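What follows is a short report on a single structure.
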Amino acid sequence: MKRKSYSEDELKELLGNFPKMEDKHSKEDLYRSIEPELNKRKRRIAHWITPSMAAAAVLLILAIVLPVFLSSHPSNEYSGSADQENSSTESANERGQDQAKSTEQKPSELDDSNREEGNNPSLDKNETEVNEGTESPFTIQNHSPDTESYVLPGKNGEVVVPFTVIKKADEENQEVASLVKPEKWGLAEDLLKELTFNIDEKREQAEVIFPDNFSINGSAYTSIISESIRWRLYPYNVKTINIQTESGSPVVLGNLGEVNTLPIIEEDRYFYQIYSSESSERQFLVPIKAEKEMSLEDALNRMKEEQTYGNVVPAVPGHVTFPSVSAEGATLVLKVEHDSWPSDQQLIRMVDAILATADNFGFKDVRFHNIKPEKSSSYDFSEPIPVPTYLNPIEMNE
Amino acid sequence: MKTFFDELYDNYHHDLFQYLIYMVKDRDLAEDLVQEVYIKVLKSYQSFDGRSTEKTWLLSIARHVAIDYFRKQKRKRNRIMDFFDWNNKGEQLKDQSSLPDEIAVQNDEMKQVYKALDNCTLDQRNVIIFRFIQGMSIQETAEILNWSESKVKTTQHRGMKSLKEMMEKPMEGGTQREA
């Protein structure tokens, strides 16, 4: 015999009357149960050994192949599109600067007197010294029309180095590509000079045009090109990066296949270390990509670790620990314990790398507790220090 | 991180727990999965981009945790089937769990609907729980499942049909309710 026949409404009513199931554990019990997992470091050796070895092998090959490739890559290979791309890039940059001027005012700006030549040994004519100067050599906390952001790969192509060119008055109309000196700075040749950047900050999007015959092979080269593009656009108010060839087709990005868009930098986590090439005395802050779910505490600890990349050294010295890391609104509050500083420079580059990393985690400024001396040549630690607007300033020669 | 946990717990814990317990039908297991959901959420909260609401984000993670659990169970069952003569020993491995207290005190109709949910596919069960037990809109359900609204409607229709068939199926052993 059949059971009662149910209409859909009757079934919905029955489902709607299902009892509320209450969790019998308290909120505190639950948090106590999950807390150890939250504090656990993510590394599991068995899981990363294999990919790390594979990555090391790729880097080794890259270290051999890329410098050869970069130095033998003729600079005028795609000269047919150079004029067009340069003018487009320049106008895009101007738009970017206008926007930045109106939106990127930071709470504390550099003292103008500090910016005068001669007061700052790290920004003098030689532009290669990273001395114990009167301001930070790695960061800049204001913006002016004579600054422009750019990106070059590290010598062996494992990292990308974003930097800020400070132009002289008579260089303001020159495109930055003509001013950069990769070899002198211990960096590799510009990989983006054949690309055209059209940046529309109003619509929060950028379009990157590749020459039709531009070819990208290999995962390492693909990675360095895409990271360079993403960092090149980082200072701009851009939320979408579209890429295409001159004829409007998707770009074939090595092993990624056909690609139409790239994610913006904000979609990933980075911490900063120091790039230091043997061929140049200039050092740079360099972003190192990490796991998306990495916590800031983990990031600070990772900044103490040696990297497998060549020319990259830890930004945080081994004698430094962070017993307390907390947030007060948009202010990162760090308690720092340390031994004596061998040089003011070591302290400044650590602080700069932390400020840049805090920026990536969305903080506006950082309050350092317990750093002695309370004032360095660049910073007053009794006050919160704003995160930088731009990284790695390089002042051009006379 | 504790503050973010407090906020999520205060606002959405009931919905989260309710969803998981009706999905897996086991209180202890639901409690374990709740922990797993919070761990995943708190470890990745910095990547929350605000494109969805916190509630739909949390429940979509819960859904993945539940699916992972069922997949693991399926693999476990498959492994067991490799070693056992299922026809003879299978009965011993059936779920012997009794009804939760909250359901046990309900009338027969409610108990039947609760059991009939087992006849639905996982997708259908997801939609029925979100739509009719949790009272969410088609749009919210679509966001959690990352589906189109029309797929939610189709799955809902099929799920309700399946539930209805199960409810109207003649009872074994001759016991019957209303004609």
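Read the figures in this text as sums done on the coordinates, not as results from a lab. All values derive from a computational prediction rather than experimental measurement. Every residue, glycine as well, gets a Cβ built from its backbone with ideal geometry; the counts of neighbours run over all protein chains shown.
Observations, loosely collected:
- For region A:269-395, the relative contact order comes to 22 percent (Cα pairs under 8 Å, sequence separation of at least 6).
- Per-residue ³J(HN,Hα) for region A:323-336, Karplus 6.51 cos²θ - 1.76 cosθ + 1.60, θ = phi - 60°, Hz, x for Gly and Pro: x, 9, 10, 9, 10, 10, x, 8, 9, 8, 10, 10, 9, 10
- 3J(HN,Hα) along region B:142-153: 4, 5, 5, 7, 6, 10, 7, 5, 5, 5, 4, 4 Hz, from the Karplus curve 6.51 cos²θ - 1.76 cosθ + 1.60 with θ = phi - 60°, whole Hz, x for Gly and Pro.
- Förster-model FRET efficiency, 35 Å R0, A:SER178 and A:THR261, C-beta, rounded to 0.05: 0.75
- Amide H to amide H distances under 5 Å link A:THR147 with A:LYS167, where only residues 5 or more positions off or on other chains count and H is placed in the peptide plane.
- Net charge of Cβ neighbours under 14 Å - reference A:SER249; Lys, Arg +1; Asp, Glu -1: -4
- If you sort the three axes of the alpha carbon gyration tensor as a ≥ b ≥ c, you get a/c of 1.5 or more for region B:98-179 and a/b above b/c, which makes it prolate.
- Amide H contacts for A:ALA327 (H built 1.01 Å from N in the peptide plane; partners 5 or more residues away or on another chain; cut-off under 5 Å): A:VAL333.
- Ordering A:THR308, B:THR3, A:THR357 by the number of other Cβ atoms within 10 Å of each residue's own Cβ, fewest first, gives B:THR3, A:THR308, A:THR357.
- Region A:250-275-region A:13-32 distance, computed between alpha-carbon centres (Å): 42
- Separation of region A:305-333 and region A:343-398, taken as the distance between their Cα centroids, equals 12 angstrom.
- In this calculation the C-beta distance from A:GLU337 to A:ALA57 is compared with R0 = 25 Å, giving a FRET efficiency of 0.05.
- Annotation for region B:133-164 versus region A:169-243: alpha-carbon center distance of 45 Å.
- Put in line by how crowded their Cβ is, counting other Cβ atoms within 10 Å and starting with the fewest, A:SER226, A:SER343 read A:SER343, A:SER226.
- Each other residue within a Cβ distance under 14 Å of B:ASP6 adds +1 if Lys or Arg and -1 if Asp or Glu, for a net charge of -3.
- Here each label is just a point 7 Å from Cα along the line to Cβ, and for A:GLU281 and B:ASP32 those points are 6.3 nm apart.
- Loop-located trypsin sites (Lys or Arg not before Pro) in region A:240-340 (DSSP state not H, G, I, E or B) with no more than 14 neighbouring Cβ atoms inside 10 Å: A:LYS292.
- Here the Karplus relation 6.51 cos²θ - 1.76 cosθ + 1.60, evaluated at θ = phi - 60°, turns the backbone of region A:151-164 into coupling constants of 9, 10, x, x, 3, 9, x, 8, 10, 10, 10, x, 8, 10 Hz, with x for every Gly and Pro.
- Cα gyration tensor, region A:269-395 - rounded (a/c under 1.5), prolate or oblate: rounded
- Label-point separation, A:VAL313 to B:ALA104 (7 Å along Cα→Cβ), nm: 6.9
- Counting other Cβ atoms within 10 Å as a rough exposure proxy, the listed residues A:PHE322, B:PHE48, A:PHE284 run B:PHE48, A:PHE322, A:PHE284 from fewest neighbours to most.
- Amide H contacts of A:LEU152 (H built 1.01 Å from N, in plane; Pro and chain starts excluded): A:VAL161, A:PHE163 sit under 5 Å, all sequence-distant by 5 or more or on other chains.
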